[in-house]
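Working notes, beginning with the structure itself.
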Amino acid sequence: MHVLILGGTTEARRLAELLHGTRGLELTSSLAGRVASPRLPSGDVRVGGFGGAEGLAAWIRDHAVDAVVDATHPFAGTMSFHAAEAAAATHVPLLALRRPGWVPAEGEQWHETGSLEEAALMLPALGRRIFLTTGRMGLSAFAALDDLWFLVRSVDAPEAPHPRSMEILLDRGPFTRDGERELLRRHRIDVVVTKDSGGAATAPKLTASREAGLPVVVIRRPSVPEGVSVVPDPERAARWIGHRLEQQSFRAID
Ligand code: NAP
């Protein structure tokens, strides 16, 4: 049984680790290739886009894939829709692995919004020194905000267009509450901007913001394509695959 994991997340790596070495299972993890030196999952890895939903469907056919797990980041909306389209076209079962989103804790000042562009419109009314943690893509949304200063944290350096007045902090999680608290203090941050990525690795910024009494602009997630089953953790995704592997072996014995 050949399983394709669409990855780029901690959960995708964990799933590959759980499945690696399972008898009768061939595993390929796929990465988009956005990050210069990615953390690689266990087992076979391929890197780079497939060429849209059609390209992915062709890859699934050419490599005799029996099941796909879309374990991409909750904000990788295009890939998730391509996966749904390609799975439907090839009649291959698809599961989405999505870590749950965050919920505001008591005292957190959330300003929820649907996009980076909407977030940019909200900022001038909220503060002047912005901690932007939405990644290096999409910074053009903030490029016209000349009166604001930005601390931009990302894994790799962002490219223009981006805000004129900014400092780049190259780093990747997990982060700690003490570290985040110190960062907010040192840079005299008065607003934090984040995607609702969920997960523990980057959540400490929410706690640190609450303690500092800062507002947080939270970008809501895109929806999972209709009809696709979703599980919240790698363990459940591994069970889904285990179940299919069993069914396949029974069919082989028959
Ligand atoms: P996206 O907008 O949904 O996808 C754009 C294109 O990138 C896709 O059409 C596909 O190209 C390619 N792609 C995306 N994920 C891929 C994968 N796992 N394997 C092969 N090709 C992939 O995705 P994105 O937001 O740019 O994210 C890119 C990757 O970074 C994802 O794998 C995601 O898990 C990871 N990531 C994203 C974020 C985020 O905030 N968006 C955060 C952390 C990690 P083709 O059409 O050519 O196939």
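The values are calculated or read from the model by the stated rules, or taken from the named source; none is laboratory data. The shown structure was predicted, so the numbers you read here are calculated from the model rather than taken from an experiment. Neighbour counts run over all protein chains shown; Cβ positions are idealised from the backbone, glycine included.
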Number of positions in the range 201-218 that are over 13 Å from the mean Cα position of the chain (by Cα) and either within 16 Å of the ligand (Cβ to nearest atom) or aromatic (Phe, Trp, Tyr) (or both): 4
Anything in the range 157-195 that is in contact with a Phe, Trp or Tyr (Cβ under 8 Å, 6 or more places away or on another chain), surrounded by fewer than 17 Cβ atoms within 10 Å (Cβ to Cβ) and in a loop (DSSP other than H, G, I, E, B)? List them, or say none. SER165, HIS187
Of everything in the range 167-190, what is among the polar types (S, T, N, Q) and closer than 16 Å to LEU214 by Cβ? Give them in sequence order. none
Picking from GLU167, GLU159, GLU182, which residue would you name as being within 30 Å of ALA71 (Cα to Cα) and more than 18 Å from the chain's Cα centre (by Cα)? GLU159
Hits in the range 112-121 - residues which are assigned to a strand (DSSP E or B) and surrounded by fewer than 17 Cβ atoms within 10 Å (Cβ to Cβ): GLU112
Candidates ARG99, ARG128, ARG164, filtered to the one that is within 14 Å of the ligand (Cβ to nearest atom), among the basic types (Lys, Arg) and on the phi < 0 side of the Ramachandran plot: ARG99
Applying the selection to the range 1-18, what residues are crowded, with 24+ Cβ neighbours inside 10 Å, under 22 Å from GLY77 (Cβ atoms) and not β-branched (Val, Ile, Thr)? LEU4, LEU6, GLY7, GLU11, ALA12, LEU15
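Here's a check for you: in the range 35-60, which residue that is more than 23 Å from THR90 (Cα to Cα) and in contact (Cβ under 8 Å) with a residue 40 or more places away in the chain is nearest to the ligand (Cβ to nearest atom)?
Ranking the candidates gives VAL35 first.
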Answer with yes or no whether ALA88 is assigned by TED's automatic domain parsing to the domain that holds GLU11, modelled with pLDDT of 95 or more and in a helix (DSSP H, G or I). yes
Given the structure, is GLU85 within 11 Å of the ligand (Cβ to nearest atom), surrounded by 14 or more Cβ atoms within 10 Å (Cβ to Cβ) and acidic (Asp, Glu)? yes
